[in-house]
Ligand code: 13P
Ligand code: SF4
């Protein structure tokens, strides 16, 4: 993705400007692990979707600069309707959110009366407003288990995460047919051959990956959980199946361990796995959005009212 270059600023100067502006405007920068290293290094908090929602829920900053994708910034806005939430690039979307449109989802729900609706946080505010509770990859199992065993459930929009949680919980949730284009691009053949080359490595994967990939993983977890696992496990070498941005923080946490990004299919735009949406943000765009307090995330009062409850339920169950 081509980044904007602001004429007189070097990256170091940009960083200084961002820090000064952040202080002056009483702003906080929340970043996902999939952001570029320069953005992660300047953020006040770097985390997974659950950690970011928890931070957004408790911040006292006046402005939230969300270095992530649109649904994440929208979630922060729903949790903070009176605060200004800005996103460096409004076009930073997500294949899961784009693949689950409100009218289609409303029609889908009519097919399953008596079902409660659990939506993965990777969806629009409108989808959240149609849900009973939200989950992330870190708490999906806990959220599902919070319903009685005989309660019919719909899980949307990630069929891979939903299928994984069905297996773990022994449920038979109805799944919306959506997927993350980044995690679906991992090549099982290349992973198996990499495992042969590195028999001393453990393969760890994010649950947005496909079933055949997850079936050969030693550990499956959210991005934060994958980092925690790499820290706690005595293994010295890991093959890591999630977006490549995670390697920055993971390597900082395990400086002496070897991290190998899991390979993607030939037709993926990069040999490893990069989310083109996450990578739309840049340090320059971050600076501009903090300076101009734009582009700003807006959500209607009506949607905020309906989407807040399922998000609050998630935060309550996750405590
Ligand atoms: P987590 O942040 O829950 O690990 O999910 C990863 C992801 O794909 C976010 O878009
Ligand atoms: Fe969406 Fe996948 Fe990108 Fe995460 S990595 S923002 S799930 S497309």
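The values are calculated or read from the model by the stated rules, or taken from the named source; none is laboratory data. Only a predicted model underlies this, so the values are computations on that prediction, with no experimental measurement involved. FYI the Cβ positions are ideal-geometry reconstructions off the backbone, even for glycines, and counts take in every protein chain you see.
Selection of segment 232-260 for residues being surrounded by fewer than 23 Cβ atoms within 10 Å (Cβ to Cβ), over 16 Å from residue 35 (Cα atoms) and within 16 Å of ligand 1 (Cβ to nearest atom) yields only 253. If residue 276 meets every condition in (1) surrounded by fewer than 20 Cβ atoms within 10 Å (Cβ to Cβ); (2) touching a strand residue (DSSP E or B) at 6+ places or on another chain (Cβ under 6 Å); (3) under 19 Å from residue 246 (Cβ atoms) apart from one, which number is that one? Exception for residue 276: condition (2). Going by the conditions given, is residue 43 surrounded by 24 or more Cβ atoms within 10 Å (Cβ to Cβ), away from ligand 1 (no atom under 12 Å from the Cβ) and at pLDDT 95 or above? No.
Here's the yes/no breakdown for (1) within 14 Å of ligand 1 (Cβ to nearest atom); (2) out of contact with any helix residue (DSSP H, G or I) (no Cβ under 6 Å at 6 or more places or on another chain); (3) farther than 28 Å from residue 40 by Cα; (4) in contact (Cβ under 8 Å) with a residue 12 or more places away in the chain:
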{"site": "191", "(1), (2), (3), (4)": "no, yes, no, yes"}
{"site": "195", "(1), (2), (3), (4)": "no, yes, yes, yes"}
{"site": "207", "(1), (2), (3), (4)": "yes, no, no, yes"}
{"site": "212", "(1), (2), (3), (4)": "no, no, yes, yes"}
{"site": "216", "(1), (2), (3), (4)": "no, yes, yes, yes"}
{"site": "223", "(1), (2), (3), (4)": "yes, no, no, yes"}
{"site": "228", "(1), (2), (3), (4)": "yes, yes, no, no"}
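Within segment 217-257, the set of residues being more than 26 Å from residue 53 (Cβ to Cβ) and in contact with a strand residue (DSSP E or B) (Cβ under 6 Å, 6 or more places away or on another chain) comprises 218, 235, 237, 238, 239.
Residues in segment 168-203 that are crowded, with 17+ Cβ neighbours inside 10 Å and within 16 Å of ligand 2 (Cβ to nearest atom): 175, 176, 178, 179, 180, 181, 182, 183, 184, 185, 186. Take the conditions (1) in a helix (DSSP H, G or I); (2) within 16 Å of ligand 1 (Cβ to nearest atom); residue 167 misses just one of them, which is (2).
Quick one: would you say residue 19 is at pLDDT 95 or above, surrounded by 16 or more Cβ atoms within 10 Å (Cβ to Cβ) and touching a helix residue (DSSP H, G or I) at 6+ places or on another chain (Cβ under 8 Å)? No. Give the residues of segment 75-119 that are farther than 18 Å from residue 178 by Cα, within 16 Å of ligand 2 (Cβ to nearest atom) and surrounded by fewer than 17 Cβ atoms within 10 Å (Cβ to Cβ), sorted by residue number. Scanning segment 75-119 gives 90, 91.
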